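Novice: Before I ask anything, here is the structure I am working with.
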Amino acid sequence: MRRVAALALAAAICAASLALRAPAPAAATTVCPSPSPSATATDARTCAQAALDQLTQRLGGDLAAALTTQHHLSDTVAAATVRAQLLAAEVAQEELTIRNLQNQIAALDEQIASLELRIDNERAQVKALARAMYRRPSSFLDILASSGNLADALTATGDMVIAGQRAHALQERLANDLVTVQADRDARQSDLDDEQATLDQVQGSVDELATIQVQIDTLTNQLAALIAHIRSTVAQLPNISS
């Protein structure tokens, strides 16, 4: 939208330039007053030449001012257009980065939820195993007596110990994985906060383009006023009479 406004102003500059070349409407004839009936033709020519020189000088000043204003306006429009394009690219990049970070955070949240569920399941299994071990005979002799032979007793005891160790190790590994994923998630959230702050700054710069737009409008009005003044001056040049 800013670019469209800048291009519109550039078109206005072209129109103003063409207006400088347009023929001026006829103006009232300027007549040098005669101080007395005895005034000579030389006096009349001198009077007309002085008026012409004055108008020419004023026209030259107005033209110089108009060209300066037009140049300043063109530079301001060009700078505003480039700035708007750069800011638009920055905003697009920041928004893309933010979306990627949000997707990463969402994926990490799912991973965290999955790990927490697995940890809860492992805790439930450990508790079930503990209850099973609690209900079993309290001594190896009791286990041996209930098993009927030494081999079965050793196997049963070993299986219970190994199952407990594996469950505990898995629970610790899952807990460590959860800590790692949560730390990664916190880091991505920090990155997201930084990118959001950067985006806010860029958007603030976009808002500052409104100030440049005011400058462009001011210069445009100045140029229009100068063009009107020039046209008025030009209209008087061919109508000086002696």
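The values are calculated or read from the model by the stated rules, or taken from the named source; none is laboratory data. Keep in mind that this is a model prediction, so the values were computed, not measured. Note that we place each Cβ from the backbone using ideal geometry, even for glycine, and neighbour counts take in every protein chain shown.
Novice: What are the pairs, 6+ residues apart or on separate chains, where a residue within segment 55-76 that is under 14 Å from Arg231 (Cα atoms) has its Cβ under 8 Å from a residue that is among the β-branched types (Val, Ile, Thr) and modelled with pLDDT of 80 or more?
Specialist: Every condition considered, the pairs that remain are Ala66/Ile227.
Novice: Tell me, which residue of segment 79-113 that is within 30 Å of Ala175 (Cβ to Cβ) and hydrophobic (A, V, I, L, M, F, W, C) is surrounded by the fewest Cβ atoms within 10 Å (Cβ to Cβ)? I'd like the intermediate steps shown before the answer.
Specialist: Here is the first cut: in segment 79-113, the ones within 30 Å of Ala175 (Cβ to Cβ) are 100-113.
Keeping just the survivors that are hydrophobic (A, V, I, L, M, F, W, C) gives 101, 105-108, 112-113.
Values: Leu101: 19, Ile105: 18, Ala106: 12, Ala107: 13, Leu108: 19, Ile112: 16, Ala113: 10.
Within segment 79-113, the match that is surrounded by the fewest Cβ atoms within 10 Å (Cβ to Cβ) is Ala113.
Novice: On the given criteria, is Ala169 within 47 Å of the chain's Cα centre (by Cα), at pLDDT 65 or above, over 26 Å from Val91 (Cβ atoms) and among the small types (Gly, Ala, Ser)?
Specialist: Values: within 47 Å of the chain's Cα centre (by Cα): no; at pLDDT 65 or above: yes; over 26 Å from Val91 (Cβ atoms): yes; among the small types (Gly, Ala, Ser): yes.
Answer is no for this residue.
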